[in-house]
Amino acid sequence: MAGHESRKRKRSSPARGETRAERNIRWIETYCRVPKDEGVGEPVRLRDWQKDELKRIYDNPAGTRRAILSFGRKNGKTALSAFIVLLHLCGPEARPNSNIYSAAQARHQAAILFDYAAKSVRFSPDLAAVLTIRDTAKQIACQELGTIYGALSAEAATAYGLSPSLIIHDELGQVRGPRSELYEALETSTGAQRNPLSIIISTQAPNPNDLLSVLIDDAQTGADPRVVLSLYTAPDDADPFDAETIKLANPAFGDFQNAAETLAMAEDARRMPSREPEYRNLILNQRVEMFAPFVSRSVWAGCGDPTVKDFGGLPLFGGLDLSSVNDLTAKVYLAPVDGIWHVKPTFWLPGEGLKEKSRNDRVPYDVWAEQGHLRTTPGRTIDYEFVAATLYADCEQGDIRKIAFDRWNWRHLKPWLLKAGFSEEQVEGDDAIFEPFGQGYQSMSPALRDLESDLLEGRIAHGNHPVLTMCAANAVVTSDPAGNRKLDKAKASGRIDGMVALAMARSVAGTFSAKPEPQFQMYVFG
């Protein structure tokens, strides 16, 4: 590949009987070198599964716009990404004056792929002769072709104004929520390219609402033939510690992935349940949060039956988790129907700045508001007058037995309850509708025990309400030395207010009796 004629020849059409992917595979094995670890400095020898992935990308009859390749950690993800970058930088996929970028969430992660590509170049006399490495800028350039590769981290401002022909999204599974400003900036900057290509190589995201999960789920529908998906994952019901299960998510197991080390990780997870979520996500490539959640995804999904359309006439038990001035406020009612607790949740956020909050939290609050799953209050703060009026209307129209509330911010809500029409006796006292509920171990532990039992036994129907489902996915518990538990907002990865309200509602629902004992009566004077 020394000299313009040689490079031109390598960028030309595949040889007779050779597909585009086969040409690319031949180029990688001819010019690229192993950048580190076993076989360092030697010519690359792609494994059969790696060749199959390249064939799926480059020999797709529909042409590939996006390729998603997801497997467990330590399967050569970074090395394969580096070879693809070099293939487009000065190999047969190179386009004169084109830009190539790899994108990662953290600066150090972005540097890893660049380092792999740079080391492969330095070990290859042919590549080193035509490529210039700029370590400080994290760039590699081919001056004769005018192509340049750069590594970007999640500093979205650096991504605007670019026009990439190839984008490698490195470990996109680290993005929490359905949005990433860096991803969107890069993906919307390819309009000037004739056939842009985006390749996502990553372990799965832990949450079904995360960006990578959304992209994988869409790819699995097959709606767009230009999207190629290769998902190496272990089934949820398989033995997670068996070597055969591990192989399903790790194509390099026993090859350049150390089998003994990986099996040792499995044994650690078997002995220490606290390590199992991390093991399932990173090694088995499953959608599992890396903390121990209060309720597993499968158990929650198993209680997703539709709720009754009309809660009128049913005894209702509520939980109210009051937010600070601009956070999520949650109200959840439970109603017994044929031995099943049907859930009726309501959520509020300030209407002003909702889109900004959606971006910051990486949660589609604005979309949920448009769909009717989330209510907004005027201004930038939660309007407690509006919440109080809603509670009064609930009691006017339904059989509200009890509403448990968190004492936090209660002093701000109480005056609005009285103004809405509640009497002092209905708000506070032995026979009041509203019942204070502590958030510590003493109050929360028995409530969680009852709620957990109902979830495991399928005695809950939540109708897959998206905001409540998000809260359930985020909910994590902490324990005291006696084994008592409470929901811990500080350790959760996102909002859990709906689950706090649900636990409080389940606690006061323990007072349910078959004979109606309404706490709220309306009198009509003629």
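Relative to the present Cα-Cα distance, how much length would full extension add between Gln193 and Ala106 at 0.36 nm per residue of separation?
Details: separation 87, 0.36 × 87 = 31.32 nm, distance 2.69 nm.
Extra length from Gln193 to Ala106 when fully extended: 28.6 nm.
Could you grab the Rg to Rh ratio for region 300-361? Cα atoms only, Kirkwood for Rh. Don't skip to the end; give the middle numbers.
Details: Rg = 14.9 Å, Rh = 13.8 Å.
Radius of gyration over Kirkwood radius for region 300-361 works out to 1.08.
Considering only DSSP states other than H, G, I, E and B, which GluC sites (Glu not before Pro) in region 142-235 qualify as loop sites with at most 14 other Cβ atoms within 10 Å? Display every interim value, and only then the final one.
Working: sites: Glu144, Glu155, Glu171, Glu181, Glu184, Glu187; in loops: Glu144, Glu155, Glu171.
Answer by residue number: Glu144, Glu155.
Straight-line reach from Lys74: which lysines have Cα under 30 Å away, leaving out those fewer than 8 places along the same chain?
Answer for Lys74, where 30 Å is the Cα cut-off: Lys36, Lys51, Lys55, Lys119, Lys138, Lys247, Lys491, listed by chain and number.
Out of all DSSP beta bridges with both ends in the chain, state the antiparallel percent to the nearest 5. Could you put the intermediate results ahead of the total?
Working: 26 of 66 bridges.
Of all bridge pairs located within the chain, approximately 40 percent are antiparallel.
Once the convex hull of the C-alpha atoms of region 294-410 is built, how many Å³ does it hold per residue, rounded to a whole number? If you can, show how the numbers build up before the last one.
On the way: hull volume 15.8 nm³, N = 117.
In region 294-410, the Cα convex hull volume per residue is 135 Å³.
If the chain between Arg380 and Leu162 were fully stretched, how many nm would it gain, using 0.36 nm times the residue separation less the Cα-Cα distance?
Computed gain between Arg380 and Leu162 is 75.0 nm.
At 1.4 Å probe size, with every protein chain present, just tell me what the per residue accessible area of the chain comes to in Å². Please list the in-between numbers first.
Numbers: 23720 Å² over 526 residues.
The answer is 45 Å² per residue.
With Cβ to Cβ distances under 15 Å as the rule, what net charge do the other residues near Lys55 carry (K, R +1; D, E -1)? It would help to have the intermediate numbers written out before the result.
Numbers: positive: Arg20, Arg23, Arg26, Arg47, Lys51, Arg56; negative: Glu18, Glu22, Glu29, Asp48, Asp52, Glu53, Asp59, Glu93.
Taking every Cβ under 15 Å from that of Lys55, the sum is -2.
Across every pair of different alpha-carbon atoms, what Kirkwood hydrodynamic radius in Å does region 105-232 reach?
Values: mean 1/r = 0.0622 Å⁻¹.
Every distinct Cα pair counted, the radius reaches 16.1 Å.
Return the inverse of the average 1/r over all pairs of distinct C-alpha atoms in the chain, which is the Kirkwood hydrodynamic radius, in Å to one decimal. Could the numbers behind the result be given before it?
Working: mean 1/r = 0.0383 Å⁻¹.
Evaluated on the chain, it is 26.1 Å.
With unit charges on the beta carbons (Lys and Arg positive, Asp and Glu negative) and the dipole taken about the Cα centre of the chain, which residue among Ala103, Phe253, Gly319 sits farthest to the positive side?
Ranked along the dipole, the leading option is Ala103.
Putting +1 on Lys and Arg Cβ atoms and -1 on Asp and Glu Cβ atoms, find which of Pro125, Gly429, Pro206 reaches farthest to the positive end of the dipole of the chain.
Positive-end residue among those listed: Pro125.
For q = 0.12 Å⁻¹, what log10 I(q)/I(0) does region 389-490 give under the Debye formula with an equal point scatterer on each alpha carbon and no solvent?
Ignoring solvent entirely, the Cα scatterers give -0.55.
Starting from the Cα of Ala301, move 7 Å in the Cα-to-Cβ direction to define the label point; list residues of region 341-373 whose amide nitrogen is under 15 Å from there.
none
About the Cα centre of region 162-293, what is the dipole size in debye to 20, counting +1 per Lys and Arg Cβ and -1 per Asp and Glu Cβ, all else neutral?
For this selection, approximately 260 debye.
Could you sort the peptides 498-506, 259-267 by per-residue average Cβ neighbour count (10 Å cutoff), highest mean leading? Display every interim value, and only then the final one.
Details: 498-506: 29.2, 259-267: 14.7.
Taking the mean over residues of other Cβ atoms within 10 Å, the ranking is 498-506, 259-267.
Search the structure for amide H atoms under 5 Å from the amide H of Thr147, placed 1.01 Å from N in the peptide plane, and list their residues when 5 or more places away or on another chain.
For Thr147, whose amide H was placed from the backbone, the distant partners under 5 Å are Asn97, Ser98, Cys142.
Using the Cα centre of the chain as origin and beta-carbon charges of +1 (Lys, Arg) and -1 (Asp, Glu), tell me which of Leu468, Ala447, Trp368 is placed farthest towards the positive end of the dipole.
After comparing all options, I get Trp368.
Amide H of Gly463: which non-local residues (sequence gap of 5 or more, or other chain) have their own amide H closer than 5 Å, using H built in the peptide plane?
Asp305, Thr307
For region 210-369, with only Lys/Arg (+1) and Asp/Glu (-1) charged at the beta-carbon, what is the dipole magnitude about the Cα centre, in debye rounded to 20? All intermediate terms of the calculation are to be shown ahead of the outcome.
Numbers: 15 positive and 25 negative charges, 80 e Å.
For this selection, approximately 380 debye.
Less than 16 Å apart at the alpha-carbon level, and either on another chain or at least 8 residues along: which aspartates and glutamates does that give for Lys331?
Asp321, Asp383, Glu385, Asp394, Asp399, Asp406, Glu435, Asp497
Whats the longest run of the chain with zero chymotrypsin sites (Phe, Trp or Tyr not before Pro) that are DSSP loop and have at most 13 other Cβ atoms within 10 Å? Intermediate results must be reported in sequence, preceding the final value.
Working: sites that count: Tyr160, Trp408, Tyr523, Phe525.
Within the chain, the longest run free of exposed chymotrypsin sites (Phe, Trp or Tyr not before Pro) spans 161-407.
With r defined as the distance between the Cβ atoms of Arg411 and Asp480 and R0 fixed at 22 Å, what FRET efficiency is calculated, to the nearest 0.05?
Values: r = 28 Å, r/R0 = 1.27.
Computed FRET efficiency for Arg411 and Asp480 comes out at 0.20.
Using DSSP to call loops (not H, G, I, E or B), can you name the GluC sites (Glu not before Pro) in region 25-70 whose Cβ has at most 16 other Cβ atoms within 10 angstrom? All intermediate terms of the calculation are to be shown ahead of the outcome.
Values: sites: Glu29, Glu38, Glu53; in loops: Glu38.
Filter output for region 25-70: Glu38.
Given charges of +1 on the Cβ of Lys and Arg and -1 on the Cβ of Asp and Glu, with all other atoms neutral, how large is the dipole of the chain about its Cα centre, in debye to the nearest 20? Walk me through the numbers before you get to the answer.
On the way: 62 positive and 68 negative charges, 462 e Å.
Taking the Cα centre of the chain as origin, the dipole is about 2220 debye.
Determine, from the Cβ-Cβ distance of Arg271 and Arg122 and an R0 of 45 Å, the FRET efficiency 1/(1 + (r/R0)^6), rounded to the nearest 0.05. Walk me through the intermediate numbers first.
Numbers: r = 43 Å, r/R0 = 0.95.
Calculated value: 0.60.
What FRET efficiency do you get for Ala264 and Asp37 if R0 is 22 Å and r is their Cβ-Cβ distance, rounded to the nearest 0.05? Display every interim value, and only then the final one.
On the way: r = 18 Å, r/R0 = 0.83.
The calculated FRET efficiency here is 0.75.
For the chain, give the percent of accessible area contributed by carbon and sulfur heavy atoms, probe 1.4 Å, rounded to a whole number.
Working: 11630 of 23720 Å².
Of the solvent-accessible surface of the chain, carbon and sulfur hold 49 percent.
I need the P(r) histogram for region 59-102: all alpha carbon pairs, bin width 10 Å from 0 out to the longest distance, whole percents.
22, 48, 28, 2
Please work out, to two decimal places, the log10 of the ratio I(q)/I(0) at q = 0.10, 0.21 Å⁻¹ from a Debye calculation in which every Cα of region 226-331 carries one identical scatterer.
-0.50, -1.13
The values are calculated or read from the model by the stated rules, or taken from the named source; none is laboratory data. None of these values were measured; they are calculated from a predicted model. Neighbour counts are summed over all protein chains in view; Cβ atoms, including those assigned to glycine, are modelled from backbone coordinates with ideal geometry. What goes into the accessible areas is simple: the full protein's heavy atoms, side chains included, and nothing from ligands, DNA or RNA. Shrake-Rupley method; radii C 1.70, N 1.55, O 1.52, S 1.80 Å.
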